[in-house]
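What follows is a short report on a single structure.
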Amino acid sequence: MINYFTSHFDTLRLEFWPLLVGGLASGFIYAMVAIGYTLVYGVLRLINFAHSEIFMSGGFASYFVIRAVIGTSQPSGLESILLIGLGVVSGGAAGALVAVLVERVAYRPLRRRKAPALAYLISAIGASYFLFNLAGKEFGRYLYAYPTIFVNHPVFTIFGAGVQMYYVVVAIAGVIMLITLDRVVAKSKLGRSVRAVAQDAETASLMGVNIDRTIVVTFLIGGALGGAAAFLYGITSGVIYTMGFTPALKAFTAAVLGGIGNIRGAVLGGLLLGVVESLSVAFVQGSYIDVAAFTVLVLVLLFRPTGILGERLGRSA
């Protein structure tokens, strides 16, 4: 046993920086998806179990858009940058659209009837199941590989670890979207409305806040980030109708880990989960990597059930 850990710690020491860089890239994707869970929970106190299929929708939309634009050509330079932007926008737009439809069909009728929380859960699972099977039927039950958008070569090195172009793309896109969202929620009129509804919906309504519109915007923002993350995820993993399950499950774990209902907590939880998952490669292989990530969640919840930050959206700045 001692020899096992000694040899694997040696592996971790040698591969630490490459694993850390890869873990942070995965963490940005988890964080963007986790925000969808966090926003909906912060405003409605409910979990959107259809978020995995919202993620999947963004992946398919960005794939078909990129495939239609590229054709058989090989992009380079400025074309690659424009294609990345197009993929993020198309994936985000599709995710936002599907999220708004889910809110309109699966949530709003129940909200107007003041249905119990269990009804929302069943409705969301039904929407998820419908979208899952619809995608499998319409797009086929096989993997689509993205065309080459850019050459994935090392751009620079950190302590001897080569940072590939893919990691740079994910980091830049993730930082831009997450910082923008944080500032919008903290400083804009829209953000104040979201935080007001999250803190006390009835009082916010009395103060003139349009509750339905605020909830729609919340779903829209979460869906847009999830759809954009699906494009970034699909660049290397491809697109398939089952693609949303594992990333969404890990993103939900990240949201709980950081403190569900807290945007910054979702970001922190996503980054931590991505790093832990990546570093665990030095000790375990295959599906046990997922076990290691969820073990961290269990340990955190044992000692801090509200998550690391543990603030509600309505009280976060």
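Taking the mean number of other Cβ atoms within 10 Å as a proxy for protection, how do you rank 121-128, 57-64 from highest to lowest?
Details: 121-128: 17.5, 57-64: 26.5.
Result, highest mean first: 57-64, 121-128.
So how tilted is helix 245-258 from the main axis of the chain? Cα-based, degrees 0 to 90, rounded to 10.
It is inclined by approximately 70 degrees.
Peptides 262-270, 203-211, 111-119: what's the order by average Cβ count within 10 Å, highest mean first?
Values: 262-270: 28.1, 203-211: 13.2, 111-119: 11.0.
Per-residue mean Cβ counts within 10 Å order the peptides as 262-270, 203-211, 111-119.
Rounded to whole Å, give me the distance from the Cα center of the stretch 51-94 to that of the stretch 211-277.
Their Cα centres are 18 Å away from one another.
Loop-only chymotrypsin sites (Phe, Trp or Tyr not before Pro) in the stretch 183-239, please: DSSP not H, G, I, E or B, and at most 12 other Cβ atoms within 10 Å. Mind showing how you got there, number by number?
Values: sites: F219, F231, Y233; in loops: none.
The qualifying sites: there are none.
Could you run the Debye sum over the Cα atoms of the stretch 186-270, one equal point scatterer each and no solvent, and tell me log10 of I(q)/I(0) at q = 0.10, 0.14 Å⁻¹, two decimals?
These q points yield log10 I(q)/I(0) values of -0.33, -0.61.
Roughly speaking, what is the stretch gain from T236 to V151, that is 0.36 nm per residue apart minus the C-alpha to C-alpha distance, in nm to one decimal?
Values: separation 85, 0.36 × 85 = 30.60 nm, distance 1.19 nm.
This chain segment gains 29.4 nm when fully extended.
How much length would be gained if the chain were fully extended between I81 and A292, taking 0.36 nm per residue of separation minus their Cα-Cα distance, in nm to one decimal?
Working: separation 211, 0.36 × 211 = 75.96 nm, distance 3.53 nm.
The I81-A292 span can extend by a further 72.4 nm.
Can you give the three extents of the C-alpha atoms in the stretch 164-223 along their principal axes, from longest to shortest, in whole Å?
The Cα atoms of the stretch 164-223 stretch 51, 20, 14 Å along the principal axes, largest first.
Would you list T242, T38, T253 from fewest to most Cβ contacts within 10 Å? Spell out each step's value before the answer.
Working: T242 13, T38 32, T253 24.
Result, fewest neighbours first: T242, T253, T38.
Compute, for the chain, the length of the dipole vector about the Cα centre, with Cβ point charges of +1 (Lys, Arg) and -1 (Asp, Glu) only. Units Debye, rounded to 20. Could the numbers behind the result be given before it?
Numbers: 22 positive and 13 negative charges, 227 e Å.
It works out to roughly 1100 debye.
What is the ratio of the Cα radius of gyration of the stretch 9-137 to 2.2 N^0.38 Å, where N is its residue count, to two decimals?
Details: Rg = 18.8 Å, N = 129, 2.2 N^0.38 = 13.9 Å.
That works out to 1.35 for the stretch 9-137.
Cα axis of helix 117-139 to longest principal axis of the chain: angle in degrees, 0 to 90, nearest 10?
Long axis of 117-139 versus the principal axis of the chain: about 50 degrees.
Once every DSSP H run of n ≥ 4 in the chain is given -39500 (n - 2.57) and the sum is divided by its residues, what mean residue ellipticity at 222 nm do you get, rounded to the nearest 500 deg cm²/dmol?
Numbers: 12 runs with 230 residues, N = 317.
Estimated from H runs of four or more residues: -25000 deg cm²/dmol.
What Rg and what Dmax come out for the chain when only alpha-carbon atoms are used, in angstroms?
Values for the chain (Cα only, Rg and Dmax): 19.8, 66 Å.
Under a 10 Å cutoff between Cα atoms, tell me which one of T214, T236, T306 has the largest fluctuation in the Gaussian network model of the chain.
Among T214, T236, T306, the largest GNM mean-square fluctuation belongs to T236.
Test of understanding: what is the full-extension gain from M207 to Y129, defined as 0.36 nm times their sequence separation minus their Cα-Cα distance? Mind showing how you got there, number by number?
Working: separation 78, 0.36 × 78 = 28.08 nm, distance 3.79 nm.
Once the chain is fully extended between M207 and Y129, it gains 24.3 nm.
Every read-out reported here was derived from the displayed coordinates using simple, explicitly stated rules and does not represent laboratory data. Here the structure is a predicted model, which means the values were calculated and not measured. Using ideal geometry, Cβ is built from the backbone for each residue, glycine included, and neighbour counts are taken over all protein chains shown.
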